[in-house]
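Each value in this text was obtained by applying a stated rule to the coordinates, not by laboratory testing. This is a predicted model, so every value here is computed, not measured.
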Amino acid sequence: MNFFKNINAPINTETIDRVQLEKKSGKNIYETICILEKICKKINDKIKEDLDVKLEEFNIINKNNLEEIFENKEQIELSKFYEKLPKSTSISIQYLLNEKIKI
């Protein structure tokens, strides 16, 4: 989960200068977008995998105590955390802009 916590990717949609992306990647905008899409899918898969592991812990707990299913505050907080994360596209673009990935 550390890979997306420390990135300052915008939560809302922001316009990014095409020329800036091309300079950072060293490729044209089409190639840059294609590469960022692949990175975005990997980030999205990792976030989903991480969330699934954490939710599985709640499933094991909830099997033992059915009353907690409706009022599990930890599960609600976990869901809120993942809902507030920036989109994987924003994270991948920010990685490129921060030069944490090389294309």
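When the chain is fully extended, how far beyond the present Cα-Cα distance does residue 58 get from residue 99, taking 0.36 nm per residue of separation? Display every interim value, and only then the final one.
Values: separation 41, 0.36 × 41 = 14.76 nm, distance 3.68 nm.
Length gained between residue 58 and residue 99: 11.1 nm.
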### Summary
Residue-ordered couplings for region 19-27, obtained by feeding phi - 60° into the Karplus form 6.51 cos²θ - 1.76 cosθ + 1.60 and rounding to whole Hz (Gly and Pro as x), are 5, 4, 5, 5, 5, 5, 8, x, 10
### Query
Working out 0.36 nm times the residue gap between residue 19 and residue 82, then minus their Cα-Cα distance, what length gain in nm do you get to one decimal?
19.5 nm
### Out-of-range pairs (alpha-carbon distance over 18 Å; input 80/100; 48/80; 42/102; 27/102; 24/100; 41/80)
80/100; 41/80
